[in-house]
Structures are given as structure tokens and as C-alpha cells.
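Here the structure is laid out as C-alpha cells; the discussion comes afterwards.
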Amino acid sequence: MNEEKFNKWFNVFILAGMSICVVLSCLAKIRDLGLTDWGLFVQSLSEPRVLLLLLTALGALAGVASTVCSANGSIWTFLFGLIDVAIYSYILFDSKNPSQFLLHVLYMIPMEFVGFFQWRKKGAGAKKQVKAQRIGKGSEWLKFGGIFVGVFALAAGISWFALSKSGSDLTAGKIILDALITTANIVAFAMGAFAYMEQWYLWLLVNISSIVMWAGILIHDPSASYAIIPLVKYSFYLINGINGVRIWWKLSKPEA
């Protein structure tokens, strides 16, 4: 099987697998809510718990479409990404995750537009892949490393303040995990907007950390049914991120 066919079937696997998992998760939760009758389900659409479940599912599907497009260097990633980030922002607000909510609203939503125009400058089009680049000399690695450490220190401080004000259980592990996800998201989003291949290393870190975070929420509060879908979503993101490293390694070669 050549690379083009492999990428095609890999994308189908990610999109179909994620769609099936989301549908099954929604059906299971709808059954748990006692909404097995169609008429009763339609009447319950106005209830916040049902709306949140369906909204989470929509965002998860848009998010996985965005990451698949991103891994393949397609500019369509920013359309699906905007839908995903907007919905995920609301979920974070509802789950009382203040620092992540502010990150998505004040940073990630605007960066979707920045990335779109930057990729256009780098040759990306409806059917044309972006021309990727890599971090160069050791001094550039030190610069990005310094930025990461600085953002992490700031995010940890903001996380401590926000969590202490929100009345959440304040633990060092929770602060570090929250700050780590925040920092990796900020730096990876910026690197992705300017088409750096190394963004994918940070996305792997984001995916692993997010899986840990949502699994923790579900273990701590089994009634938080909406947490299952983000947990499944980031699991597929992790698989797709590994493929993204492979594709962008080739897209960022000088001859590419």
C-alpha cells in the first residue's frame, strides 16, 4: 500500500472510529437518563444536561475533523477547529475549568483566524498542502524552550489563583496538570499557526495530559457523563498526532 492510500484509509479510520464512539457514547448516556422513548427524548431536548451531551458530541466530531485536516496539512483545519474550540469553551465553562476556558476564548479562537491567513501565505489552499518548516539551530530551540518555561510559570500562577477563587480542591498535581495543558496548547497553537513541524510533539503532550485530566474528572464524579466524549476525543487525537509527526516530517523537508 502506497503512502497516499495509507493516509486515506488512516483518515477514514480516525473519522469513522470517532463518529462511532461518539454515537455509542450518546446512546448509552441517553439510555442512562431514561430517555429510551423517542417522544420523551424530543421533549427533553430543552434540558441543559441533554443539550450539553449533544453539543459535546458535535464539538468532538468537528475537533477530530480539524485534527485530521491539520495532520494532512489542509487549511480546512481552521474551519472545523473554530467550531470545536467554540463548543469546547462552553464545556470548560460548565465544568468549572476557568484557566482553560479563558485560554480557549481569549487565545485559541483568535488564533484560528491567524493560522488561516498564515497558512494561506505558505501556499495552502482548498486542495493544496501547507509548506511546513522546522525549528533551526540550537539557539532557536533555546528560544522556544525559554518561551515554554515562561508561559508555564505564568499559567501555573494563573491556575493557582483561578482554582483557589473557584472553590475547587487545590492540589499541586491539579495546578501542574492544568498549567501544563495550558502551556502546551498556547505554544503548540502558535507553532501550528506558523506551520512548524515540532508543534506535533507538543500536541502529543496536550493529548496525553488531557486524557489524564478528563479521566480524573470522570473518576472523581461518575455523574459527569459529558467527560466520556472528551476522553474518547483526545484518545483519537493522540493516535492522529502520531501520524501528524510522520506526515509533517516529510512536509517540512526542504525539497517538499
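Within the range 2-20, take every residue that is aromatic (Phe, Trp, Tyr) and within 21 Å of the chain's Cα centre (by Cα) and give me the one that is nearest to residue 231 (Cα to Cα). The selected residue is 13. For the range 64-83, the set of residues classified as surrounded by fewer than 24 Cβ atoms within 10 Å (Cβ to Cβ) and more than 19 Å from residue 196 (Cβ to Cβ) consists of 65, 76, 79, 80, 82, 83, listed by residue number.
How many residues does the range 84-98 hold that are over 11 Å from the mean Cα position of the chain (by Cα) and crowded, with 22+ Cβ neighbours inside 10 Å? Summing the residues that are over 11 Å from the mean Cα position of the chain (by Cα) and crowded, with 22+ Cβ neighbours inside 10 Å in the range 84-98 gives 1.
Checking each residue in the range 213-235 for being modelled with pLDDT under 85 and farther than 17 Å from residue 18 by Cβ picks out 213, 216, 217, 218, 219, 220, 221, 222, 223, 224, 225.
Answer yes or no as to whether residue 142 is at negative phi and modelled with pLDDT under 75. Reasoning before the result, please.
On the way: at negative phi: yes; modelled with pLDDT under 75: no.
In short, no.
Listed by position, the helices (runs of 4 or more DSSP H) inside the range 123-224 whose residues that are of a type in the set (Phe, Trp, Tyr) and more than 26 Å from residue 70 (Cα to Cα) number at least 1 are 138-166. Scanning the range 50-103 for residues that are in contact with an Asp or Glu (Cβ under 9 Å, 6 or more places away or on another chain), small (Gly, Ala, Ser) and closer than 17 Å to residue 16 by Cα turns up 59, 60, 62, 63, 65, 66. Of all residue pairs spaced 6 or more apart or on separate chains, those with beta-carbon atoms under 6 Å, a first member in the range 3-19 that is closer than 16 Å to residue 244 by Cβ and a second member that is surrounded by 11 or more Cβ atoms within 10 Å (Cβ to Cβ) and among the aliphatic types (A, V, I, L, M) are 11/68; 14/68; 18/64. State which residue pairs qualify: first residue over 18 Å from residue 186 (Cβ atoms) and inside the range 131-149, second residue part of a helix (DSSP H, G or I) in any location, beta carbons under 7 Å apart, and separation of 6 or more residues or different chains. Close Cβ pairs satisfying both conditions: 132/248; 132/251.
The values are calculated or read from the model by the stated rules, or taken from the named source; none is laboratory data. Predicted model, so just to flag it, every value in this text is computed and none were measured. Quick reminder, even Gly has a Cβ in these numbers, built from the backbone with ideal geometry, and neighbours come from all protein chains shown.
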